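Student: Quick one: the structure is below, questions incoming.
The values are calculated or read from the model by the stated rules, or taken from the named source; none is laboratory data. Computed from a prediction, not measured in an experiment: that's the story for all the values here. So basically every Cβ, Gly included, is an ideal-geometry build from the backbone, and we count neighbours across all protein chains shown. What goes into the accessible areas is simple: the full protein's heavy atoms, side chains included, and nothing from ligands, DNA or RNA. Shrake-Rupley method; radii C 1.70, N 1.55, O 1.52, S 1.80 Å.
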Amino acid sequence: MSGPPLLFDRTLHRRRLDRAARAYADADFLKVRAATDAVERLEAIMRSFPLAVDLGARDGTFARLLADSPARERVGALIEADLSAAMLANRPGPRVVVDEERLPFAPESLDLVVSTLALHWTNDLPGALVQIRRALKPDGLFMGAFFGGLTLTELRQALLQAEDEVTGGAGPRVSPFADAFDAAGLLQRAGFALPVSDVDRVTVRYSHPLKLLADLRAMGEANVLLDRPKRPLSRAVLARACEIYIERFAEADGRVPATFEIVTATGWAPHESQQKPLKPGSAKVRLADALHAVEHKAGDRAR
């Protein structure tokens, strides 16, 4: 049987992360936002997680924020894991270089896995989620944040139009992203119980589109699609893309917005103690009675 389609050049992605490691903090505002949200969610969960993993830890943002949170006393050992060794360098604590597509953790060994803005670069996201679920102990928690479908919609539109105008054709320059419905469905497909997802839509305003491109490089989030155009953007295409971006999206003060969607999904490794849906026919009260409504047979509704 053939495996999942290969979408991303993982070797190139690692190199981009290695290159971004030294100055990652200069453009970590989205990572900080997602990690802050993860910590706040943990603060509301009154239970202990003796062994946790931060998958896609990058420069340790989640660990730093957790250290200043009351949730820290409920999280035991925290292992920071990342595809890039450079991202993990020069800080204390247990750290391990891992490929998110081939996790090394033993079955039912972890109590908590957190991943903020890293798993969207996996070729087989459902497979990665299955590996995470298997690594969790029963009733262990996964909390993941992914970039959602509207992320970089302005840049995507400007690049496609510019390249089509200048060269007569356009290739994919921005990665596809999942939406909130997909995220919950993916967790359910991977065997998680009680999956929930929601969206945080962030608009970042820039003085010029080139500032956005610089931030994406600093984050290690530049395009690594395997079927991306092999030729780099020409100056003519880039200049026209900036013109289109400004023409179509500039605000009254001349600044341009960039949309980012952060989809957060949580799910639990199945356990017998978890709440389960009632079996069909087991209800004690009819819905019509509870709503004080008049019941109609099928086909009797007024048209």
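Student: Among Leu17, Leu12, which is the only one that is modelled with pLDDT under 95, out of contact with any His (no Cβ under 6 Å at 6 or more places or on another chain), open to solvent by less than 40 Å² (accessible area, probe 1.4 Å) and part of a helix (DSSP H, G or I)?
Tutor: Working: Leu17 fails: modelled with pLDDT under 95.
On inspection, the qualifying residue turns out to be Leu12.
Student: Looking only at the stretch 231-238, decide whether some residue is modelled with pLDDT under 90, surrounded by 15 or more Cβ atoms within 10 Å (Cβ to Cβ) and among the polar types (S, T, N, Q).
Tutor: No; the residues of the stretch 231-238 include none that is modelled with pLDDT under 90, surrounded by 15 or more Cβ atoms within 10 Å (Cβ to Cβ) and among the polar types (S, T, N, Q).
Student: Evaluate the stretch 274-293: report whether one residue or more is at pLDDT 70 or above and open to solvent by less than 50 Å² (accessible area, probe 1.4 Å).
Tutor: Yes, the stretch 274-293 has at least one match.
Student: Do any residues in the stretch 20-35 that are at negative phi and open to solvent by 50 Å² or more (accessible area, probe 1.4 Å) have Cβ atoms under 8 Å from those of residues that are outside any helix (DSSP H, G or I) and not polar (S, T, N, Q), where the two are at least six apart or on different chains, and which pairs are they?
Tutor: Correct list of pairs: Ala25/Asp59; Phe29/Val204; Arg33/Asp200; Arg33/Val202; Arg33/Ile262.
Student: Quick check: is even one residue across the stretch 68-81 closer than 22 Å to Ala265 by Cα, in a strand (DSSP E or B), open to solvent by 30 Å² or more (accessible area, probe 1.4 Å) and at pLDDT 95 or above?
Tutor: Yes, the stretch 68-81 has at least one match.
Student: Something else about it: Report yes if Ala180 is modelled with pLDDT under 75 and either among the polar types (S, T, N, Q) or buried (at least 16 other Cβ atoms within 10 Å of the Cβ) (or both), otherwise no.
Tutor: It is true that Ala180 is modelled with pLDDT under 75 and either among the polar types (S, T, N, Q) or buried (at least 16 other Cβ atoms within 10 Å of the Cβ) (or both).
Student: On to the next question. Please determine, by comparing only the residues of the stretch 147-175 that are in a helix (DSSP H, G or I) and among the β-branched types (Val, Ile, Thr), which one is modelled with the highest pLDDT.
Tutor: That would be Thr153.
Student: Tell me, please, whether a residue that is of a type in the set (Gly, Ala, Ser) and within 21 Å of the chain's Cα centre (by Cα) can be found in the stretch 70-81. Spell out the reasoning first.
Tutor: To start, the set of residues in the stretch 70-81 that are of a type in the set (Gly, Ala, Ser) comprises 71, 76-77, 81.
If we keep only those that are within 21 Å of the chain's Cα centre (by Cα) as well, we get 81.
For the stretch 70-81, residues of a type in the set (Gly, Ala, Ser) and within 21 Å of the chain's Cα centre (by Cα): present.
Student: Separate question: With the structure loaded, tell me whether Leu194 is among the aliphatic types (A, V, I, L, M), within 27 Å of Thr116 (Cβ to Cβ), open to solvent by 40 Å² or more (accessible area, probe 1.4 Å) and part of a strand (DSSP E or B) or whether it fails that test.
Tutor: yes
Student: Sticking with this one: With (1) over 30 Å from Ser115 (Cβ atoms); (2) at pLDDT below 95; (3) not charged (D, E, K, R) as the list, and Val263 as the residue in question, which single condition is left unmet?
Tutor: Of everything listed in (1) over 30 Å from Ser115 (Cβ atoms); (2) at pLDDT below 95; (3) not charged (D, E, K, R), Val263 misses just condition (1).
Student: When you check Pro50 against the structure, is it assigned to a loop (DSSP other than H, G, I, E, B) and modelled with pLDDT of 95 or more, yes or no?
Tutor: no
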